[in-house]
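The values are calculated or read from the model by the stated rules, or taken from the named source; none is laboratory data. Owing to the predicted nature of the structure, the values given are computational and were not obtained by experimental measurement. Virtual Cβ from ideal backbone geometry, glycine too; neighbours counted across all protein chains shown.
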Amino acid sequence: MNALGFDKPEAATRVVVAMSGGVDSSATAALLKDQGFDVVGVTLQLYDLATEGRGRTACRPNTCCAGKDIHDARAVADALGIPHYVLDFEDAFRRDVIERFADSYVAGETPIPCVECNRTVKFRDLLGVAKDLGADALATGHYVRRRLGPHGPELLKGADPARDQSYFLFATTPEQLAFLRFPLGDMAGKDETRAIAARHRLPVAAKRDSQDICFVPDGDYAALIAALRPEAVRPGDIVDAAGRVLGRHPGIVHFTIGQRKGLGLGGGPPLYVLALEPDTDRVVVGSRRSLARDLVMVRAVNWLGGDEREMRVEVRVRSTRPPVPARLRHLDGAVAEVVLDHPEEGVAPGQACVFYQGDRVLGGGWIAP
């Protein structure tokens, strides 16, 4: 059995690598090439800022930039001597990621477009392309681990807690997980990944990580939504929990649950966004104490393990927060109820609630209002 778990020689095992032009996917391709696998690089053209209604924007540090990233991915493939294909997935990306992102904000939610991108364009569409290319596996540069358990492949956190990306992959299905491989999951940290790229003299070895959403490189989400859904960006009242009007706002798309800054309310104790009401265009504010929730309803749940109707788990309600203890109860259909041992602040509809037992990802879903 070879390093990827196949009963045939590495040279006879074709692996398609999703190459974004960054150091992680580039190091993934280099590792697999080193191990003797038949590696094919594929880069997806996902967006063009000129088509998003805001004009073309110059690349900035710490952002994705489609044209430059495609160029970098091609340069890495050339350096490694592997085939490389660029595929136009702009229509699918706009439909399944950008449009849903806009609709989620308009509905008063706080979306996570990276999850939608992984769930649809990458692990649905690109995975299909990999199979069409005769691949045995699709490899990505995500910092997560995959292992074979008694009932099939299991998804685990990355070995480095600071780089773990399991929160963003909760929607991966068991069928997709059977075809996926994550060579960087056991890395001790990003320095180890960069060392691999440097050892292979890859042109992206020192490239900065992207920190913003790829199709919003200037960080101005509200401007994008105003361009895509201008009719939905309406001013309204800022009210307290009793409905008393405290001020005005330019549109609920400028706010998210737990936000404190930007309310424009002077004087008095600090106030935080408690709720967004798209039907009335109201932003409801209150004290920090009012943000705390211990009951979280989760919809569209994807299950990766665990047959019990009720179990003890740890959950993440934001990607930047550590897992916290909770009780999980399966309800009818793809719905779950999570009762946190200790209340969490800023639990926002549209964010994910991801379930863990130790390092294993049991699944997750979207936080309901």
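Data for the structure
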{"quantity": "Selection from region 303-317 of residues that are surrounded by fewer than 19 Cβ atoms within 10 Å (Cβ to Cβ) and in contact with a Phe, Trp or Tyr (Cβ under 8 Å, 6 or more places away or on another chain)", "calculated": "Gly306, Glu314"}
{"quantity": "Hits in region 208-246 (condition: at pLDDT 90 or above and touching a Phe, Trp or Tyr at 6+ places or on another chain (Cβ under 7 Å))", "calculated": "Ile225"}
{"quantity": "Gly306 being more than 20 Å from the chain's Cα centre (by Cα) and under 12 Å from Leu362 (Cα atoms)", "calculated": "yes"}
{"quantity": "Count - residues of region 175-198 that are in contact (Cβ under 8 Å) with a residue 12 or more places away in the chain and outside any loop (DSSP other than H, G, I, E, B)", "calculated": "11"}
{"quantity": "Whichever residue in region 133-159 is at pLDDT below 95 and more than 19 Å from Val15 (Cβ to Cβ) and, among such residues, is surrounded by the fewest Cβ atoms within 10 Å (Cβ to Cβ)", "calculated": "Pro150"}
{"quantity": "Pairs where the first residue, in region 262-285, is outside the structural domain of Gly350 (by TED's automatic domain parsing) and the second is among the polar types (S, T, N, Q), C-beta under 6 Å, 6+ apart", "calculated": "Val273/Gln259; Leu274/Ser290"}
{"quantity": "Given (1) of a type in the set (Asp, Glu); (2) over 30 Å from Arg14 (Cβ atoms); (3) touching a residue at least 24 places away in the same chain (Cβ under 8 Å), index of the condition Asp209 fails", "calculated": "(2)"}
{"quantity": "Out of Val15, Val42, sole residue that is at pLDDT 90 or above and either assigned by TED's automatic domain parsing to the domain that holds Gln259 or under 20 Å from the mean Cα position of the chain (by Cα) (or both)", "calculated": "Val42"}
{"quantity": "Strands (runs of 3 or more DSSP E) lying entirely in region 199-278 (those with 1 or more residues that are more than 30 Å from Cys117 (Cβ to Cβ) and among the charged types (D, E, K, R))", "calculated": "236-239, 245-249"}
{"quantity": "Considering residues of region 318-344 that are farther than 20 Å from Asp359 by Cα and either among the acidic types (Asp, Glu) or in contact with a helix residue (DSSP H, G or I) (Cβ under 6 Å, 6 or more places away or on another chain) (or both) only, the residue surrounded by the fewest Cβ atoms within 10 Å (Cβ to Cβ)", "calculated": "Asp332"}
{"quantity": "Count of region 79-98 residues which are surrounded by 14 or more Cβ atoms within 10 Å (Cβ to Cβ), part of a helix (DSSP H, G or I) and of a type outside the set (A, V, I, L, M)", "calculated": "4"}
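Residues checked against (1) closer than 23 Å to Arg244 by Cα; (2) touching a helix residue (DSSP H, G or I) at 6+ places or on another chain (Cβ under 9 Å); (3) of a type in the set (Asp, Glu):
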site	(1), (2), (3)
Gly268	yes, no, no
Leu274	yes, yes, no
Ser290	yes, no, no
Glu310	no, no, yes
